Amino acid sequence: MFAEPEFWVAVGFVILMGIFAYVGAHRTVLTALDHRSERIKAELDDARRLKQEAASVLEEYKARRSSAEREAQDIVATAKVDAERIASEAKVKMEDFVARRTKTAESKIALAEAQALADVRAAAADAAVTAASTILSQTVKGGVADDLLARGITEVRAKLN
């Protein structure tokens with residue numbers, strides 16, 4: 001038994017453990033393990049806290065995103081309403097413009113018709129006067145002819161104009 005190396009290894013181990021116990025190495029190891037345990041616990045607590053903060057930040061960004069989406073939808077809806085309003089106003093303005101232009105054209109046409117009618121009447125009056133003066137000058141002679149001619153021309157002009 002004393003010749004076996006395992007025996008001496010066991011004796012050396014027991015002596016080493018005794019020295020460690022006398023010196024207080026077990027307290028140092030236990031203190032180190034306690035400190036490590038506390039550090040790990042603190043890191044786990046920090047990780048939980050950071051996870052909760054990340055979750056709250058995520059929820060805040062989700063709320064902001066949904067708010068931004070609602071705002072974008074409101075902007076699009078407002079833009080559509082404005083576009084429809086502008087289009088209807090443009091249509092009304094265009095219809096008004098066309099109506100005014102049509103009225104202006106109709107009044108110009110009526111004025112041109114009246115002018116043409118007056119021109120025709122004037123031309124007819126001049127033709128009638130010329131015809132009457134020619135007929136009267138050929139059929140009636142003397143002072144009576146001149147008097148009748150002047151009176152007839154005056155009457156024809158007054159009636160035709």
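The values are calculated or read from the model by the stated rules, or taken from the named source; none is laboratory data. Quick caveat, the model's predicted, so the values are computed rather than measured. In this analysis, Cβ positions are derived from the backbone assuming ideal geometry, glycine residues included, and neighbour counts consider all displayed protein chains.
Below, the figures for the structure above:
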{"quantity": "Checking GLY142 against (1) modelled with pLDDT of 70 or more; (2) exposed (fewer than 11 other Cβ atoms within 10 Å of the Cβ), the condition it does not meet", "calculated": "(1)"}
{"quantity": "Test result for ARG151, part of a helix (DSSP H, G or I), basic (Lys, Arg), in contact (Cβ under 8 Å) with a residue 40 or more places away in the chain and surrounded by 10 or more Cβ atoms within 10 Å (Cβ to Cβ)", "calculated": "no"}
{"quantity": "Residue satisfying condition, being over 30 Å from LYS159 (Cα atoms), among the charged types (D, E, K, R) and surrounded by 10 or more Cβ atoms within 10 Å (Cβ to Cβ), within set ARG100, ARG121", "calculated": "ARG100"}
{"quantity": "Any hit, region 35-54, residues being within 39 Å of the chain's Cα centre (by Cα), among the aliphatic types (A, V, I, L, M) and at pLDDT 95 or above", "calculated": "yes"}
